[in-house]
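Since the structure comes first, as structure tokens, the remarks are kept for the end.
The values are calculated or read from the model by the stated rules, or taken from the named source; none is laboratory data. None of the values given here were measured: they were computed from a predicted structure. Glycine also receives a Cβ, built like all others from the backbone with ideal geometry; neighbour counts cover every protein chain displayed.
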Amino acid sequence: MEQRLEEHLIIEEPFYLQQGDELAIALAAYEHAIPLLLKGPTGCGKTRFMQHLAWKLKRPLVTVSCHDDLSTSDLVGRYLIKGGEAVWIDGPLTLAVRHGAICYLDEIVEARKDTTVVIHPLADDRRELPIEKRGELLTAPPEFMLTISYNPGYQSVLKDLKQSTRQRFIALEFAYPPPGLETEIVQHESGVDGQTAGALVRLGAMTRNLKDAGLPEGASTRLLIHAGKLMQSDMDARRACRAAITETLTDEPELLAAISEMVSSLF
Amino acid sequence: MNSIELEKRFFELVPSHPPNAWEIEEYMEQLGPLPDPQQKIILDQVPVIWPVSHALCYSYLSCAGSALACLHPNQLSQWVAATLDIYERDGLHEAQMFMANVESNFLCRIRGEAGILLSDVAPRLTPYAHSIAERKIAFATGHHMYTDTETIFLPHEITLFQEEEDNFLLYKLMVTFQLGLLRCNTYDFSLPLDQLRHNGIEKTYGKKLHLETILLEDFFSLFPEPRLGEDLFTLVEGMRVNAYLAANFPGIWRDTARLRTALAKFRPSLNRLTGKARIIEVLYRYAMTGKPISDGGFKRSIFDLALAALADSWSTPEESATRAMAIYALLEEIGGLYDPVESLPYLGRLHPAEAMNVRLKRREETKENFIKALAAILLPENQPAGQEDSSDKAGIPAPKISGDEGVALMISQQKDKEDVRNKTEPNGPIQFLTVGGLDIEIPEPLRMLGDQILDDLGHIPNEYIAAAQGMAGRAAPTTQAASTPTGESLVAPLTYDEWDFRRAGFRKDWCILRQRRILPVKGTFVANTLEKYRGLLMQLKKQFEMLRCQERFVKGQRDGDDIDLDAVIESISDTRAGRAASERLFVKLLRDERNIAVLFLVDMSSSTEGWVSQALKEALILMGEALEVLGDRYARRNTPGWARPSDMLRA
């Protein structure tokens, strides 16, 4: 079991440029055993921040991508049959609690509502994880940290995070980095030169301006990096942007055409 | 068909609002000599045009015969659709003009020989403009090209180049250039008087200047020849925007290099220009192509000096003004009056007065919205309904939070926004609001309004905050037009295009959506229907209940929440008996959720009057009752009739 957790330990420092004081807040939260809530649009660096934090704290990072079929059992664990015997297998949350790791529940609002039964006692000062099927109550060690994330931009009212849940966390709001910082990130991650990275960042900003004009979400930093990587593979800049950004963002013919015009203006 | 048969056929095609027989007699006689297939093709389009405009339909009937001499029969519907588009955009006269010349107005265009229309490029360029300007920018047809900072006025059509793609590219360049003027803060021009005095304009031209700063609309009138001053400033500022576009939008600048060179061919011949106009034209061409003209019979020394004035880069409109003044002084040597030269097609002219009007209007709207939004935050919470402020009773509105208790907007000193000007004001985004010493998180809409004010004025005026405090003291701000119990419109009508299957195109602004408050009425119809169909309703509910989803355990799964003991025992037995054991040993809890919404669209037009309407209403009541069992969301929308002005959707 220990060996499984070792796989989650991040050895090399993940590249992360701070936008503000998010790292200081997260470290303070860890010190005081308060869970973290990360808010922000897709591809703005939430996961990378968690990797960096885990590396900094030298704790394993157990990431769970939540989906609408994710139940308490998926988080806590379940009995399996092995050689005619019922064997208990820890779920990712139990694994993290048991070994003092960082558990990152990505897009928590997508998970089934019954998961709050285990999240609530773990997120307040009790820091306990009840494992009902085993009749066990785990108390989280000081090294354990719970972090959840969600994107307020595209959640429906039905999937909003309840106050009783969110008020157990310290919240960090992530946005797309300022142009200078984002250029540096795109340049570092994709390997393109500064001028191309700057143009990609301008394109990202232009698409984000369309958020209220029919585009559900603008191009994330991640998409800009993808486009940069394609360009590094000797692909024509306009073709790379079309594949990595334009077609990814929308299927609407008029918006596709408009984003293509943005690309051809910049590259 | 003879004219009588044609008339009969016409009346069959227009059952609603048929005309008098004498009104169509003349047109049917015109169609009479045509072969039967052509008559049929022409009449087939009547149901498409008649509901839109009777007058247009008559014009169509008189033109259609001759149009078919040029058109392939299959193209007639396309021609009609184009005619209707023009009618809805520009009116009857323009549509009649369009129909009058099929070859040049229609066939050339579909062959790609007649350029491209603004209406064709607008859907593509509107989001593009929005993405650059960071706000909505509208397009409109104008006699010449310019922007008032909210709308870009463009030619109705561009036919300069043979290739449609090139004409589109010119539209795109025009739009990008006008947006470049906005990004480069051309209309934020504010020239300090000291700088003017330094340039000696007061001394040179004898203008008496009384203002501290000169705005763009006043700047041109400082020159003895204001139009020359305007053209020079536009040219110099245009070159600054050129440099901005080349640096920030290299793609379009590169794509249009060929076009900009080609546009020089459409410029007036240098030989026909004299004096100052010739130098201006040479400078225009230089601005377009970036290459100086080697020969043109103009005063080389003045041109070289003018180029020297434009040699290095500059970053503000005020610097453009200084350079324009310098070139103006050079041109004074030539003498004679300036005969204005046509501006560059993508540069257009500046309209500072219109831009200022729009800016003031926008400033007023932003101020109003900001005060309302801020007042909504300052409004004391938990005030019992109906409890009025004592100061209201006295007729003197007093703020709940006085100035002494402190309301302040904290503003960051830096702003990460692309800005080609070096602003010194602390115009960063609003960070938080302090009320009585407490920090309050600012909602996004208020933050955006605050940022707009900061962009415009550089600070949030105290009067805005005081007004919001005053409003918060009086009552909750109204966020929309006041609602009334008498059924008036709650908000402004919303218009949108509607698809017309007959013409396979959209009818412009055809639908008008007005929200009206429906007053409750008492009646026994619902109760009577429920009573009358009690048996059927029970049956319906029972059938619907069977559709209801519940959480259920499913046994024998490969994975699941718990172990399926029966399956495990069976598996162990099988293993011991030497048989292959099943792997399906788990129980899974299935929580199927219904995510269904039902919309009933009910035809309540006059054709359903009588028993059909009665049956519809009864069916709706029964369906509504049955759906309540399932908990599915449902809604009803009624369309009362065909006649457009009276059509109404009822929820």
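Across the range A:92-111, what is the number of residues that are within 14 Å of chain B (Cβ to nearest Cβ) and surrounded by fewer than 20 Cβ atoms within 10 Å (Cβ to Cβ)? Even if it seems obvious, please write down each step before you answer.
Of the range A:92-111, the ones within 14 Å of chain B (Cβ to nearest Cβ) are A:110-111.
Within this subset, residues satisfying the condition of being surrounded by fewer than 20 Cβ atoms within 10 Å (Cβ to Cβ) are A:110.
The qualifying residues number 1.
Of the helices (runs of 4 or more DSSP H) lying entirely inside the range A:182-265, not one contains at least 3 residues that are among the hydroxyl-bearing types (Ser, Thr, Tyr).
In the range B:552-580, the residues that are more than 10 Å from chain A (Cβ to nearest Cβ) and without any contact (Cβ under 8 Å) to a residue 24 or more places away in the chain reach residues that are surrounded by fewer than 17 Cβ atoms within 10 Å (Cβ to Cβ) and part of a helix (DSSP H, G or I) with C-beta atoms within less than 7 angstrom, at least six apart or across chains, in these pairs: B:580/B:574.
Listed here are the residues, each with its yes/no results for (1) in contact with a Leu (Cβ under 6 Å, 6 or more places away or on another chain); (2) in contact (Cβ under 8 Å) with a residue 40 or more places away in the chain; (3) surrounded by fewer than 22 Cβ atoms within 10 Å (Cβ to Cβ).
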| position | (1), (2), (3) |
| --- | --- |
| B:138 | no, no, yes |
| B:144 | no, yes, yes |
| B:147 | no, yes, no |
| B:152 | no, no, no |
| B:160 | no, yes, yes |
| B:168 | no, yes, yes |
| B:171 | no, yes, no |
| B:176 | no, yes, no |
| B:183 | no, yes, yes |
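Among the residues making up the range B:557-605, those that are acidic (Asp, Glu) and either part of a strand (DSSP E or B) or surrounded by 13 or more Cβ atoms within 10 Å (Cβ to Cβ) (or both) are B:559, B:561, B:562, B:564, B:570, B:574, B:583, B:603.
Scan the range B:495-517 residue by residue and report those that are on the phi < 0 side of the Ramachandran plot and assigned to a loop (DSSP other than H, G, I, E, B).
To start, the set of residues in the range B:495-517 that are on the phi < 0 side of the Ramachandran plot comprises B:495-503, B:505-508, B:510-517.
Within the range B:495-517, B:501, B:502, B:503, B:514, B:515, B:517 qualify.
Residues that are under 15 Å from the mean Cα position of the chain (by Cα), without any contact (Cβ under 8 Å) to a residue 40 or more places away in the chain and outside any helix (DSSP H, G or I) do occur in the range A:12-27, at least one of them.
Applying a threshold of 8 Å to beta carbon distances and a minimum spacing of six or more residues, or different chains, the list of pairs starting in the range B:249-261 at a residue that is free of Cβ contacts under 8 Å to residues at least 60 places away in the same chain and facing chain A (nearest Cβ under 7 Å) and ending at one that is of a type in the set (S, T, N, Q) and surrounded by 17 or more Cβ atoms within 10 Å (Cβ to Cβ) reads B:251/A:264; B:251/A:265. Tell me, which residue of the range A:222-266 that is of a type in the set (Asp, Glu), in contact with a helix residue (DSSP H, G or I) (Cβ under 8 Å, 6 or more places away or on another chain) and within 14 Å of chain B (Cβ to nearest Cβ) is nearest to residue B:251 (Cα to Cα)? Here the residue is A:261. Residue-level check: of (1) part of a loop (DSSP other than H, G, I, E, B); (2) more than 14 Å from chain A (Cβ to nearest Cβ); (3) surrounded by 12 or more Cβ atoms within 10 Å (Cβ to Cβ), residue B:522 misses just (3). Just one of (1) surrounded by fewer than 15 Cβ atoms within 10 Å (Cβ to Cβ); (2) more than 14 Å from chain B (Cβ to nearest Cβ); (3) part of a helix (DSSP H, G or I) fails for residue A:141. It is (3). In the range B:47-149, counting only helices (runs of 4 or more DSSP H) that sit wholly within it, the ones holding 2 or more residues that are more than 14 Å from chain A (Cβ to nearest Cβ) and touching a Phe, Trp or Tyr at 6+ places or on another chain (Cβ under 6 Å) span B:54-70, B:76-90. Scanning the range A:75-96 for residues that are within 18 Å of residue B:590 (Cα to Cα), modelled with pLDDT under 90 and out of contact with any Lys or Arg (no Cβ under 9 Å at 6 or more places or on another chain) gives no hits. Exactly one residue out of B:244, B:286, B:338, B:328 is at pLDDT 90 or above and not basic (Lys, Arg): that is B:244.
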